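> Got a structure here, written out as structure tokens. Questions coming.
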Amino acid sequence: MSSHEARFRVGQPIHHRLFDYRGVIVDVDPIFLGSEEWYEAMAKSRPPKDKPWYHVLVHKAEHRTYVAEQNLEPDLSGAPIEHPELALFFDRFENGLYSGQTSAH
């Protein structure tokens, strides 16, 4: 399998193209690292496993998602994300990006 450089980074707000939700990236996997069972059950569009996948806190929700790069685009709204776990990962929202704490910047 080959991987390529991730288009998005930790702390970046994103928009999911298919399911129309906003979120913020909290971790990046260079390739799909989930189970085959999860992929078969959840990844209905069968996105590539050899490209980056992202762990995302979903805006105005309590869950996280695991999303293939092809399903994401930048969230250009400039609005902050609301999620109960946000403070576990970040302590600042500046210039449209989250940073601090476990952020890898």
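> In whole Hz, with x marking every Gly and Pro, tabulate ³J(HN,Hα) for segment 21-31 from phi via Karplus 6.51 cos²θ - 1.76 cosθ + 1.60, θ = phi - 60°.
Using θ = phi - 60°, the values come out as 10, 9, x, 10, 6, 10, 6, 10, 9, x, 9 Hz.
> Would you work out which of LEU18, ILE81, TYR39 lies farthest towards the positive end of the dipole of the chain? Charges go on Cβ: Lys and Arg +1, Asp and Glu -1.
Result: LEU18, furthest along the dipole toward the positive end.
> Within segment 49-74, whose backbone N sits under 16 Å from a point 7 Å along Cα→Cβ of GLU5?
In segment 49-74, the label zone of GLU5 (backbone N under 16 Å from the point 7 Å along Cα→Cβ) covers 52.
> 222 nm [θ] for the chain, helices only, -39500 (n - 2.57) per DSSP H run of 4+, per residue, to 500?
-2000 deg cm²/dmol
> Sorted from fewest to most neighbouring beta carbons within 10 Å, what does the list GLU62, GLU85, GLU69 look like?
GLU62, GLU85, GLU69
> 5 Å is the cut-off here: which amide hydrogens, built 1.01 Å from N in the peptide plane, fall below it relative to LEU72, excluding neighbours closer than 5 in sequence?
Residues meeting the amide H criterion: ARG17.
> Let me ask something else about it. Using the Kirkwood radius built from alpha carbon pairs, what does the Stokes-Einstein equation give as D for the chain at 37 °C and 0.692 mPa s, in µm² per second?
Translational D for this selection: 235 µm²/s.
> I would also like to ask the following. Rounded to the nearest 20 Debye, what is the dipole magnitude of the chain about its Cα centre when Lys and Arg each give +1 and Asp and Glu each give -1 at the C-beta?
Values: 11 positive and 16 negative charges, 45 e Å.
Value, rounded to 20: 220 debye.
> Okay, moving on. Can you give the FRET efficiency for GLU37 and ALA87, using 1/(1 + (r/R0)^6), R0 = 30 Å, r = Cβ-Cβ distance, to the nearest 0.05? Please list the in-between numbers first.
Values: r = 32 Å, r/R0 = 1.06.
E between GLU37 and ALA87, to the nearest 0.05, is 0.40.
> On alpha-carbon atoms, Rg over Rh for segment 18-74 using Kirkwood Rh?
0.93
> Let me ask you something else. Sort ARG46, ARG92, ARG7, ARG22 so that the residue with the fewest other Cβ atoms within 10 Å of its own Cβ comes first and the one with the most comes last. Please list the in-between numbers first.
Working: ARG46 9, ARG92 12, ARG7 16, ARG22 20.
Taking fewest neighbouring Cβ atoms as first place, the list is ARG46, ARG92, ARG7, ARG22.
> Now for a separate question. Can you tell me, using C-alpha contacts under 8 Å and at least 6 residues apart, the relative contact order of the chain as a whole percent?
Over the chain, the number comes to 29 percent.
> Ok, one more. Are there chymotrypsin sites (Phe, Trp or Tyr not before Pro) in segment 16-105 that DSSP puts in a loop and that have at most 14 other Cβ atoms within 10 Å, and which ones?
PHE19
Here, each number is a calculation from the coordinates, and none is a lab measurement. Since we're looking at a predicted model, the values are computed, not measured. Every residue, glycine among them, receives a Cβ derived from its backbone with ideal geometry; neighbour counts consider all protein chains shown.
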